[in-house]
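Step one of this worksheet: look at the structure below.
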Amino acid sequence: IIFIVTAPIMTYPIDVALPQRVINPPPVTKEPPPPIDLRIDASNQVFWNNSPVSVTALPQMMETEVQRDPTNQPELRIDASSDSEYETMAKVLAAAKNAQMMKINFVQQQ
């Protein structure tokens, strides 16, 4: 023998503050700044957009570029000759890291 007991369930209203859907406008996309072409030739000379610069001047130049708009940084395109020294490349990469550059690419010009 099976007894099924049913009883009305008492309901109590509970106020709950749920988050409301917010319709945001589409994000404003900024035009990316022109890329920076950084070239290291076989004699370890560094060129910033085809202008020769010293390795010691790079950190300040990179920081200036980042500070213009930290959320919309230019792309740093590094083209190093296969005959250049690793030390020069290491200094360039350290300067980019210390300047907090986020967009770094390596390119090989033909």
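The values are calculated or read from the model by the stated rules, or taken from the named source; none is laboratory data. The structure displayed is predicted, hence computed values, not measured ones. FYI the Cβ positions are ideal-geometry reconstructions off the backbone, even for glycines, and counts take in every protein chain you see. Surface areas here come from the heavy atoms of the whole protein model, side chains and all, with no ligands, DNA or RNA. Shrake-Rupley method; radii C 1.70, N 1.55, O 1.52, S 1.80 Å.
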The range 16-110 - Kirkwood radius from inverse mean 1/r over Cα pairs (Å): 15.1 Å
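Size of the dipole of the chain about the Cα centre, Lys and Arg at +1 and Asp and Glu at -1 on the beta carbon, nothing else charged, in debye to 20?
Approximately 400 debye in magnitude.
Please compute the net charge surrounding L93, taking Lys and Arg as +1 and Asp and Glu as -1 over other residues with Cβ under 14 Å from its Cβ.
Details: positive: R77, K91, K97, K103; negative: D79, E85, E87.
Here the count lands on +1.
What full-extension length gain, to one decimal in nm, is calculated for T71 and K30 as 0.36 nm per residue of separation minus the Cα-Cα distance? The partial results should precede the final answer.
Values: separation 41, 0.36 × 41 = 14.76 nm, distance 0.96 nm.
This chain segment gains 13.8 nm when fully extended.
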Cβ-derived FRET efficiency at R0 41 Å, Q20 paired with N50, nearest 0.05: 0.15
Accessible area of R39 in the full protein assembly, 1.4 Å probe (Å², nearest 10): 90 Å²
Among beta bridges that DSSP assigns inside the chain, antiparallel share in %, nearest 5: 45 percent
Cross-link reach from K30 to aspartates and glutamates, straight Cα distance under 15 Å and at least 8 residues apart if same chain, gives D69, E75
Who wins for biggest fluctuation among A96, A42, A17 in a Gaussian network model of the chain, springs between alpha carbons below 10 Å? A17
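Around E75, with a cut-off of 15 angstrom between Cβ atoms, what is the net charge of the other residues, counting Lys and Arg +1 and Asp and Glu -1? Could the numbers behind the result be given before it?
Details: positive: K30, R39, R68, R77, K103; negative: E31, D37, E65, D69, D79.
Computed value for this residue: 0.
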